Amino acid sequence: MKRLIFSALLIGMTASAWGQDVHFSNMDYSPLTLNPALAGANYDLQANVNYRTQWNSVAAPFQTIAASADMRLNSNKRTKSGHLAAGLSFFNDRAGEERISTNNVNLSLAYHLMADQNNTIGLGLYGGFGQRTFDPNGGMWGSQYNGMAYDPALSSGETFNNASFSMFDVGAGLVYTYSEGESRMRSNDGIRVNAGFAVYHVNRPNFSFINDGDENLYMRYSGFANASIGIGQTTMSIDPALYAQFQGPAMEILMGADYRVLLNEGSKVTGNLQRTAIALGLFYRNQDAMIARLLVDYGGITAGFSYDFNVSSLSEVSKARGGAEFFLRWVMDNPFSATRARI
């Protein structure tokens, strides 16, 4: 009975989620789904990959995979005025037995104006193409109940005029970055701060599986602030973060911090010894989950894993098992640049 109740709740959540975006617990490792102006904001060249699966223990899993890459385009010609950047992102999301699938590709362009050596303000725009598909035969419908049990041979009685459709999407964002000091073992006085605000789906694309439907995708408002603060004369740093997303009736607030330990600062002369750090984090998503994560930095690669422990009203059925998430970031110097960009 609990599983039936939970399945019914998930069906309702899936239906309402048709008008909501995908989300990751590790938003800082999916930058272009957080703010298009993050293209080129912190790194010369970076690539990110994310994978998330949830509700495996009680229903058909919801699975999301995403990838993005962004690069500063004129870092070899940077002046005190600023730099141009571009990014490309993709995600695929599959939800429930009904096989509701969303594919999306976005191209982001950003310009970061350098107010001084430590402060930068960036404006980003994105344009994208999305496709959404739905398999009516994958669901279980009330009309297929024969009075005794579910009978898949019975007709669902449902008519979907448009089981697949495409849409065009645009949005914009602003990002502020501040960077000062160094994160070396002998001083560890480095500070980096990012804060921004973005609006997705400004054109409110149609999001209905029914021809001539009037369901338009809600605009998503995304705000965030995160930092990395070195604790002077130690090998430790604290990385606090706050993320807020608002989309129609849905709201998500995620807050927490990582505790990072620098194990080795690496060799900048020979390059044979890579900078290495390990971090543990704890975050809370409002009225939903506690999130624990572990990540390792080695050179320009960061790999991590997080798990959502469900603390909402569904925890009795889910037994606190929410979702697992894997993420990978690769940072490197621009191969087309003759000089190293400041990070």
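Each reported figure results from applying straightforward, stated rules to the coordinates on display, with no laboratory input. Not measured: the values here are computed from a predicted model. As a convention, Cβ positions derive from the backbone with ideal geometry for all residues, glycine included, and neighbour counts pool all protein chains shown.
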On a full-extension model of 0.36 nm per residue, what is the gain between residue 219 and residue 145, subtracting their alpha-carbon distance, rounded to one decimal in nm? 22.9 nm
Which FRET efficiency value, to the nearest 0.05, do you get for residue 250 and residue 328 by plugging their Cβ-Cβ distance into 1/(1 + (r/R0)^6) with R0 = 25 Å? 0.35
Take each of the peptides 238-246, 111-119, average the number of other beta-carbon atoms within 10 Å over its residues, and list them starting from the highest. 238-246, 111-119
Fully extended contour minus Cα-Cα distance, from residue 116 to residue 191, at 0.36 nm per residue: 25.4 nm
Using θ = phi - 60° and Karplus 6.51 cos²θ - 1.76 cosθ + 1.60, couplings along the stretch 66-74 (whole Hz; Gly, Pro as x): 9, 8, 8, 8, 9, 8, 6, 7, 10
Determine the gain in length on full extension of the stretch residue 298-residue 312; use 0.36 nm per residue of separation and subtract their C-alpha separation, reporting nm with one decimal. 1.5 nm
